[in-house]
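Encoded as C-alpha cells, the structure appears first; notes follow it.
Here, each number is a calculation from the coordinates, and none is a lab measurement. Because the structure is a prediction, the values reported are computed rather than measured. Virtual Cβ from ideal backbone geometry, glycine too; neighbours counted across all protein chains shown.
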Amino acid sequence: MVAPEVGRIGDKIATQAKRLAPPTKQWVTVGDDRVRHTHVQTEGQTVPNNLRFKVPSMDWDRRHRGLGAYTYMKAPRDQTSRAVANIKNCRCRTASDPAGISRGINTRPPVVAGNRVTMTVVCEGDLVVQAELGDVYPGGLVAAGAHFMAKAVSTVAADYQ
Ligand SMILES: [Zn+2]
C-alpha cells in the first residue's frame with residue numbers, strides 16, 4: 001500500500017514546516033496611564049515575526065509624515081514606519097512565541113480515491129498566508145515571506161532524489 005508511505009512523507013513535511021515556521025510576536029505595553037492611546041489599542045496584537053504590527057496613526061504623523069489611518073511597525077519605536085510622534089518615548093516591547101505559528105500546522109490522513117493518494121498538510125492561523133508569502137503595506141513597505149511551507153516541501157523532496 002502506498003498510502004502509509006504518503007502519510008509518512010506528509011508527516012515529514014509537517015515536522016519540517018513546524019521547525020521552519022517563524023515565531024509570532026505580541027505588542028506589550030507597560031500598562032500604566034501614560035501609554036499613548038494608539039498603543040493601548042495595539043496592546044495584545046499578535047503577528048508573525050516577519051510581518052508588521054498595524055498601529056493606529058497619531059494625528060501629528062498623519063499631518064506631517066504623510067501616514068494614513070494606520071502606521072505599520074516591525075516593533076515598537078520602528079523608525080522604518082516613518083512615524084515620529086507614534087514612536088517618541090515609547091516604552092512598549094514585544095513578546096515572542098516561538099510556536100505561535102507551528103501550533104497551527106497539522107496533517108490530514110491520506111485519502112485514497114481510485115489511483116490517487118492525497119495527503120494534506122495544513123497551516124491555519126491569523127496572517128499565516130502573509131507569513132508564508134510576504135505582504136505589502138501602504139507607503140511601499142514590504143515584508144518578505146518566510147516561505148516555511150515551501151521550504152519544508154523542498155527539504156523533504158530532496159530526501160527522495
Ligand atoms: Zn508604546
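Can V2 be described as more than 16 Å from the ligand (Cβ to nearest atom), among the aliphatic types (A, V, I, L, M) and out of contact with any helix residue (DSSP H, G or I) (no Cβ under 9 Å at 6 or more places or on another chain)?
Details: more than 16 Å from the ligand (Cβ to nearest atom): yes; among the aliphatic types (A, V, I, L, M): yes; out of contact with any helix residue (DSSP H, G or I) (no Cβ under 9 Å at 6 or more places or on another chain): yes.
Spelling it out, V2 is indeed more than 16 Å from the ligand (Cβ to nearest atom), among the aliphatic types (A, V, I, L, M) and out of contact with any helix residue (DSSP H, G or I) (no Cβ under 9 Å at 6 or more places or on another chain).
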Task: Where a residue in region 73-93 is on the phi > 0 side of the Ramachandran plot and its partner, wherever it lies, is of a type in the set (A, V, I, L, M), with Cβ under 9 Å and at least six apart - done: R77/I87; R82/L67; R82/L141
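If the requirement is being more than 15 Å from the ligand (Cβ to nearest atom) and of a type in the set (A, V, I, L, M), which of these qualifies: V84, V122? It would help to see each step written out before you state the result.
Numbers: V84 fails: more than 15 Å from the ligand (Cβ to nearest atom).
The conditions single out V122.
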